[in-house]
Amino acid sequence: MTKISRRGFFKLAGGATAALTQAPALVAQAAPAPTPAAHSGAALFFNPDEMRWIEAATERLIPEDDNGPGARAAGVPVYIDRQLAGAWGAGERLYRSGPWQPGDASQGYQLPFTPAELFRNALRGAREELQGRKQGAFETLPGPRQDLYLESLQNGKQDLHGVPAHVFFESLLALTIEGYFSDPVYGGNKDMASWKMIGFPGAYASFYDLVDQHGVAYTRAPISMGDNGAGVIHLHPVSTQHSGKRGA
C-alpha cells in the first residue's frame, strides 16, 4: 500500500478531527527534528519544562515541510496552553461525580481528571518515565527517538500518574489537530497557514454578496472570526480563574 505523508494525510482530512483521532500511527515517518529552543511566549498554563515537551511533541505530530509550517510555528502549543488555562481545561462542563470505573470503547472518557489535570499528571509521568530509563528529557532526544516514545504512548497502557498513556496521546493528538486547523482567534493556526494550505475560507459567515455569483472561483483570503475588519485578529480572552495556574 502506498504510504502518504503526514502532511498529505492532514490535507485529505481537511481538519476532520473525529476521523483523525482514529488515524493510524502518525509518528513514524518523520525526519529528525532539531532540538527545540525554549518557548519565548508567556504561557498561561504550562511551566517552561512542560511547554518545551509540548512544543517538541506537537512538532513531531505535524512537522514543517514544503506545504506549510509545523505545529510549533503554527502556534499549536499556544492553542493547547490557552485551552488548558481556561474553563475547558478546568472541566467546567465536564461530568465529574463518578463512579470512576473502566468503561468500554463506546463510553468515551471515564477518568476523574479535568483536561488540565490530565495533561499535568501525564506530562509529569512521561518525564519521570524517561528519566527512569535514563534517556533524558523528551525535548532533547533526536527526532526518531521522540517518535518512538510517542508511539509507545499511542500504543501503551503505562500509567502516567493515573492517566493511561494512550489516553494522553489521543488527547494530545486531538488538541494538536484542533490547534492547527481551528480559527486563529483561539491562539493556533498562526497566519491562517493551515486554512491557506487546504483552501478553507474561514467561518466568518458573511458571504451575502457572493451567493448569486455562480461559477465564479472563490479566491478571497481566509478570514478569522476575530478579524476586526482591518486584518487584525483579536484573540478570544481566556479566563484563568478556574485552572490558570502554571505548574510548579
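The values are calculated or read from the model by the stated rules, or taken from the named source; none is laboratory data. Here the structure is a predicted model, which is why all the values come from computation and not from measurement. Heads up, the Cβs are rebuilt from the backbone with ideal geometry, glycines too, and the neighbour counts pull from every protein chain shown. The accessibility values were calculated without ligands, DNA or RNA, using every heavy atom of the protein model including side chains. Shrake-Rupley method; radii C 1.70, N 1.55, O 1.52, S 1.80 Å.
Name the residue, out of LYS134, LYS157, that is open to solvent by 50 Å² or more (accessible area, probe 1.4 Å), outside any helix (DSSP H, G or I) and touching a strand residue (DSSP E or B) at 6+ places or on another chain (Cβ under 9 Å). Steps first, please.
Values: LYS134 fails: touching a strand residue (DSSP E or B) at 6+ places or on another chain (Cβ under 9 Å).
Exactly one residue qualifies, and that residue is LYS157.
Which members of segment 179-226 meet the condition of being modelled with pLDDT under 90 and not in a loop (DSSP other than H, G, I, E, B)?
TYR208, ASP209, LEU210
Residues checked against (1) at pLDDT 85 or above; (2) under 17 Å from the mean Cα position of the chain (by Cα); (3) not aromatic (Phe, Trp, Tyr):
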position	(1), (2), (3)
ALA19	no, yes, yes
PRO24	no, yes, yes
PRO34	no, no, yes
GLU50	yes, yes, yes
ILE62	yes, yes, yes
ARG72	yes, yes, yes
GLY75	yes, yes, yes
TYR79	yes, yes, no
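With the checklist (1) outside any helix (DSSP H, G or I); (2) polar (S, T, N, Q); (3) buried (at least 18 other Cβ atoms within 10 Å of the Cβ) in hand, flag the one item SER97 doesn't pass.
So SER97 meets the others, but not (3).
Restricting attention to segment 63-73, does a residue exist that is part of a helix (DSSP H, G or I), within 22 Å of PHE138 (Cβ to Cβ) and open to solvent by less than 40 Å² (accessible area, probe 1.4 Å)?
Taking segment 63-73 as the starting set, the residues that turn out to be part of a helix (DSSP H, G or I) are none.
No, segment 63-73 contains no residue that is part of a helix (DSSP H, G or I), within 22 Å of PHE138 (Cβ to Cβ) and open to solvent by less than 40 Å² (accessible area, probe 1.4 Å).
Take LEU175 and decide whether it is part of a helix (DSSP H, G or I), out of contact with any strand residue (DSSP E or B) (no Cβ under 8 Å at 6 or more places or on another chain), over 17 Å from GLY70 (Cα atoms) and of a type outside the set (D, E, K, R).
Answer is no for this residue.
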